[in-house]
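Trainee: A single structure is presented below for examination.
The values are calculated or read from the model by the stated rules, or taken from the named source; none is laboratory data. Please read all numbers here as calculations on a predicted model, not as lab measurements. Because the Cβ atoms are built from the backbone with ideal geometry, glycine has one as well, and the counts that use them run over all protein chains shown. Surface accessibility is based on the protein's heavy atoms, side chains included, excluding ligands, DNA and RNA. Shrake-Rupley method; radii C 1.70, N 1.55, O 1.52, S 1.80 Å.
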Amino acid sequence: AQDVDDLSQLKAAPRASNVWELDYLGTVLERMLRRLEENSAELRRAWRDAQTANQLKNEFLANTSHELRTPLNGIIGSIRVIQDDLCDSKEEEQEFLQQADKAALHLLAVIEDILNIAKIEAGTLDMNVMPVDLRLVLKDVLDMQVLQFQQKGLQLIRPEMTEPMMVPVDLSRFKQVLLNVLSNAMKFTDEGAVAVTVTTGESVTDESGVERVKTSEVGDEVPGSLLLPSGPWVKITVKDSGIGIEPENLPKLFKPFVMVDGSHTRPYEGTGLGLAISQNFMRLMQGDITISSEGAGQGSTVTIVVPQMVKALVE
C-alpha cells in the first residue's frame, strides 16, 4: 500500500506470506484501492463535464446577449429616428416602423425560446394535446412562410394532401416546431429549394415479439435515430439544399446551450435552442424529430414523426 502513488498503475497485491490473514489483508487493500481508482475516475469525468457545461453556458449567454441587444438596438434606433422627426416622408416612417416591428418579433421569439427551455428543464411545461388535421396545419404554416421564401428567391415545394389526416398534438407547440424547422431551412439555404413531404407508416409487432416498421411509400426510409410511436404514424420531411452540416456535429444540435458554431459573430442569427426545444415538444407529444446531412454544402433533411389517429379511433 505504501508503494502505491498512482492508482491507475495499481499492481496486484503480493501473496507470498505463509500467514493467510496477511494475504487476505493484501487482497482487501487491493480491492479498496481499485474502488478508490474507480471513484477518482468518476470524479475526474464529472469535473470535465462540469467544465464543459460551464463553457457551453457561457457561450450561450454571450450568444443570447447578442441576440437580445441586436433587435433591441434596432427598435430603439427606429423609434428615435421617428421621434426626432428625421424622416422625409410618411413612407420612410412606415419603413422604420416595419423594421422596429420585425425586430420586436425577433426579440419576442428569443425570449420565448429562453422561457421554453427553462420550463422544459424545470419539468413544468404543459401540453394541450387534441386531434387536429395535419393537412390544415401544414397549409397554415406554409402560407405564413411563402413571402419570406419568395423574397429570398427560394422555391418552396408543398406536399400533396387531398384527404384529412388527423394527428394528436398540441396545436400551438406543433406549429412552433414546424415554423422553426422551415425557418432554419430557409435561413441556411441561399439558393435552390426547400421540399416538404408527408408519408405514413406503422410500427407493428410480429409473432416473435420484434417490432417492425412498415412504410406506405416504396423506398421511403426512416432515420434510425428516430423514436417511432407505436402503431400508425405520420412522417414529415423538410429537405433543403443549404449549407449542410458535418455528420459528427449533428448530435450537438439537439442539446441545449450547444451550437455547431459557438461564436456570437457567426453570420446566422439565433440562440441555438430551436431544435432542442422542438425535440422536447415532439417527445412530449409521443413523436420525435431528427436531422441528417451528408456534410457541408450537401443540404440537410429534418424528419418529424407524430402518431396518426386512424379513422375508427377518430369516429
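Trainee: When residue 223 is evaluated against the numbered criteria (1) touching a strand residue (DSSP E or B) at 6+ places or on another chain (Cβ under 7 Å); (2) closer than 26 Å to residue 114 by Cβ; (3) at pLDDT below 90, which criterion, by number, is the only one it fails?
Mentor: Unmet for residue 223, out of (1) touching a strand residue (DSSP E or B) at 6+ places or on another chain (Cβ under 7 Å); (2) closer than 26 Å to residue 114 by Cβ; (3) at pLDDT below 90: (2).
Trainee: Filter the stretch 275-304 for residues that are touching an Asp or Glu at 6+ places or on another chain (Cβ under 7 Å), outside any loop (DSSP other than H, G, I, E, B) and modelled with pLDDT under 90 and give the result.
Mentor: 277, the sole residue that qualifies.
Trainee: Residue 106 is checked against (1) farther than 30 Å from residue 308 by Cβ; (2) without any contact (Cβ under 8 Å) to a residue 60 or more places away in the chain and fails just one. What number does that condition carry?
Mentor: Just one mismatch for residue 106, condition (2).
Trainee: Considering each residue of the stretch 59-101, count those that are closer than 23 Å to residue 112 by Cβ and open to solvent by 50 Å² or more (accessible area, probe 1.4 Å), and give that number.
Mentor: Number satisfying all stated conditions: 14.
Trainee: Would you check which residues across the stretch 103-150 are touching a Gly at 6+ places or on another chain (Cβ under 8 Å) and either charged (D, E, K, R) or surrounded by fewer than 17 Cβ atoms within 10 Å (Cβ to Cβ) (or both) and list them?
Mentor: 113
Matching residues to (1) closer than 26 Å to residue 245 by Cα; (2) part of a strand (DSSP E or B):
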| residue | (1), (2) |
| --- | --- |
| 111 | no, no |
| 115 | no, no |
| 149 | yes, no |
| 169 | no, yes |
| 174 | yes, no |
| 203 | no, yes |
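Trainee: Moving to a separate point now. Of the residues in the stretch 281-304, how many are of a type in the set (Gly, Ala, Ser) and under 15 Å from the mean Cα position of the chain (by Cα)?
Mentor: Going through the stretch 281-304 one residue at a time, the tally reaches 4.
Trainee: Still on this model: Given the conditions (1) surrounded by 14 or more Cβ atoms within 10 Å (Cβ to Cβ); (2) part of a loop (DSSP other than H, G, I, E, B), report the number of the one that residue 160 does not fulfil.
Mentor: Just one mismatch for residue 160, condition (1).
Trainee: Can you tell me which of (1) closer than 30 Å to residue 176 by Cβ; (2) among the β-branched types (Val, Ile, Thr); (3) modelled with pLDDT under 85; (4) surrounded by 12 or more Cβ atoms within 10 Å (Cβ to Cβ) is the one residue 27 doesn't meet?
Mentor: Result: residue 27 fails condition (1) only.
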